[in-house]
1. Looking at segment 96-115, is at least one residue more than 30 Å from Y155 (Cβ to Cβ) and either in contact with a strand residue (DSSP E or B) (Cβ under 6 Å, 6 or more places away or on another chain) or not in a helix (DSSP H, G or I) (or both)?
2. I'd like to check something: does segment 121-130 contain any residue that is out of contact with any Lys or Arg (no Cβ under 8 Å at 6 or more places or on another chain) and either of a type in the set (D, E) or closer than 30 Å to Y23 by Cα (or both)?
3. Look through segment 34-51, keep the residues that are open to solvent by 50 Å² or more (accessible area, probe 1.4 Å) and of a type outside the set (D, E, K, R), and return whichever of them is modelled with the lowest pLDDT.
4. Can you name the number of the only condition in (1) outside any helix (DSSP H, G or I); (2) open to solvent by 60 Å² or more (accessible area, probe 1.4 Å); (3) among the aromatic types (F, W, Y) that Y76 fails?
5. Kindly list the number of the only condition in (1) open to solvent by 50 Å² or more (accessible area, probe 1.4 Å); (2) modelled with pLDDT under 85; (3) β-branched (V, I, T) that fails for T55.
6. Check off (1) of a type in the set (A, V, I, L, M); (2) at pLDDT 95 or above; (3) under 30 Å from I24 (Cα atoms) for I77 and give me the number that stays unchecked.
7. Give all pairs with beta carbons closer than 8 Å in which a residue from segment 151-174 that is under 13 Å from V133 (Cα atoms) meets a residue that is open to solvent by 90 Å² or more (accessible area, probe 1.4 Å) and assigned to a helix (DSSP H, G or I); count only pairs at least 6 apart in sequence or on separate chains.
Amino acid sequence: YFDVTTLQQSYKDLKKYMKGDIYIFDNQGTLLFDDKANYKLPEDFPQEKLLNKRTEKIKLGKMVYNTYYSAKNQYYIVNAFPMKSVMNDVYTLQGGMVGLLLLLLFLAIVLNVLVSKFFGRRIRPIIDTMEQVKEGNLTSFPIQRNYDDEVGYIYSELLRMCVTLDDHIKKEYVYQLRQKEMELYVLQ
């Protein structure tokens with residue numbers, strides 16, 4: 001009543017994804033299917049502990065056994081796999097995650113350096129203009145590209161402030177000259 005040929009064909013397609021071995025037993029514990037097709041159980045196979053009319057997972061030594069019991073058809077499906085194979089997958093996954101984390105960290109550092117350089121280049125004209133203002137030069141500034149953001153706004157307002165300040169200084173100078181001329185005229 002158990003069609004092993006169909007099961008072997010179905011299982012062949014899934015074999016590359018499976019870990020360990022698959023065994024199918026009837027209700028009396030007779031081996032009906034072995035995925036390796038040698039129909040011999042390993043010497044340390046705990047058949048008595050697994051075939052207890054329950055679906056469960058048992059870890060014994062270095063092996064893990066997943067048992068599924070079908071009460072309707074009265075058979076057991078046992079997947080036996082070494083814990084080492086699961087741990088290898090876990091280590092591979094951890095390695096991938098660590099690699100991804102390192103890649104993301106590297107990208108964050110590179111992005112931070114690029115943004116800092118870009119922002120530094122944008123701030124440089126403001127610093128140069130302030131140095132020129134300190135030295136008394138309020139008019140002849142190198143023409144820079146005007147951006148429509150906060151840094152561009154600060155730079156353009158600094159230039160406007162310098163032009164306005166230069167106008168006030170010139171007006172004050174002319175006013176002072178006229179005042180001196182008037183004083184000289186009055187003295188004459």
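The values are calculated or read from the model by the stated rules, or taken from the named source; none is laboratory data. The structure presented is a predicted model; accordingly, all values stated were derived computationally and were not measured. Cβ atoms come from the backbone with ideal geometry, glycine included; neighbour counts cover every protein chain shown. For accessibility, only protein heavy atoms count, side chains too; no ligands or nucleic acids. Shrake-Rupley method; radii C 1.70, N 1.55, O 1.52, S 1.80 Å.
1. So the first thing to find is which residues in segment 96-115 are more than 30 Å from Y155 (Cβ to Cβ), and the list is 96-107.
Then keep just the ones that are either in contact with a strand residue (DSSP E or B) (Cβ under 6 Å, 6 or more places away or on another chain) or not in a helix (DSSP H, G or I) (or both); that gives none.
Checked against the condition, which is being more than 30 Å from Y155 (Cβ to Cβ) and either in contact with a strand residue (DSSP E or B) (Cβ under 6 Å, 6 or more places away or on another chain) or not in a helix (DSSP H, G or I) (or both), segment 96-115 yields no hits at all.
2. Among the residues of segment 121-130, at least one is out of contact with any Lys or Arg (no Cβ under 8 Å at 6 or more places or on another chain) and either of a type in the set (D, E) or closer than 30 Å to Y23 by Cα (or both), which makes the answer yes.
3. So in segment 34-51, the residues open to solvent by 50 Å² or more (accessible area, probe 1.4 Å) come out as 36-44, 48-49.
Right, trim to of a type outside the set (D, E, K, R) and you get 37-39, 41-42.
Values: A37: 77, N38: 81, Y39: 83, L41: 88, P42: 86.
Top of the filtered list is A37.
4. Condition not satisfied by Y76: (2).
5. (2)
6. Condition not satisfied by I77: (2).
7. Partner pairs satisfying both residue conditions: L158/M130.
Per-residue answers, yes or no, for (1) in a helix (DSSP H, G or I); (2) modelled with pLDDT under 90; (3) closer than 16 Å to I126 by Cβ:
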| residue | (1), (2), (3) |
| --- | --- |
| Q144 | no, yes, yes |
| Y155 | yes, yes, yes |
| R160 | yes, yes, yes |
| T164 | yes, no, no |
| Y173 | yes, no, no |
| K180 | yes, no, no |
